[in-house]
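Enquirer: Sharing a structure, written as structure tokens. Questions coming.
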Amino acid sequence: MRKKIIECVISTDMTFHAKQFTYLKAKIESFQIHKGENSDKIIEGLDRVNLSQTQQEFMNIVIHACDISNPTKPFEIYSKWADKVMNEFWIQGDREKELGLPISFLCDRATTTIPNAQIGFMDGIVFPFMNSLVAIFPDLEFLIDNVNKNKEEYKKLKN
């Protein structure tokens, strides 16, 4: 159990995002999953080892989805968290600048705006990932609705 939990926590590192997203898309495509139909085929006929590995992959995916879930929350909550995250990024960028290091992506307060950063995050990371989850777990459709509403709010702020 400890090993499984550690792997879940480690899986929240964004360096694993592409791997997890590719895994989800492959399952959806290979089993022709749509609105939850055929999702049972993901574990159908697996031996104990492969079942355990598949369960771990999905635990990792769900924990990662939770980790990037701020845009799926109501705007009043999401925007507060987005402000906090962006301030953390900017503090990192300030420190990198002080040390003469290259400023990391999204960490330059002079060139990065919250609306642009959040719209990019939703379009490039959150929406595609959550959309794949919803194909398997259709009861999560409200997450997509919230992402779309929040994107519109940030578009208004951007303009």
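Enquirer: Are any of the pairs K84/K158; K25/K158; K73/K155; K27/K80 more than 26 Å apart by Cα-Cα distance, and if so, which?
Expert: K25/K158; K27/K80
Enquirer: Still on this structure: Could you tell me which residue out of L133, A82, L46 lies farthest along the dipole of the chain toward its positive end? Charges go on the beta carbon: Lys and Arg +1, Asp and Glu -1, centred on the Cα centre.
Expert: So the residue furthest toward the plus end is A82.
Enquirer: How many Å³ per residue does the convex hull of the Cα positions in the chain occupy? Can you show the working numbers first?
Expert: Working: hull volume 21.0 nm³, N = 159.
With only Cα atoms used, the chain gives 132 Å³ per residue.
Enquirer: Enter the Cα centre distance for the pair the range 71-125 and the range 1-35, rounded to the nearest angstrom.
Expert: 25
Enquirer: Can you tell which of V62, V147, V85 shows the greatest fluctuation in a Gaussian network model of the chain with Cα springs below 10 Å?
Expert: Largest GNM mean-square fluctuation: V85.
Bear in mind that the values in this text are calculations on the coordinates, not laboratory data. If you're wondering where the values come from, they're calculated on a predicted model, not measured in any experiment. When we count neighbours, we look across all protein chains shown, and the Cβ atoms used for this are built from the backbone with ideal geometry, even at glycine.
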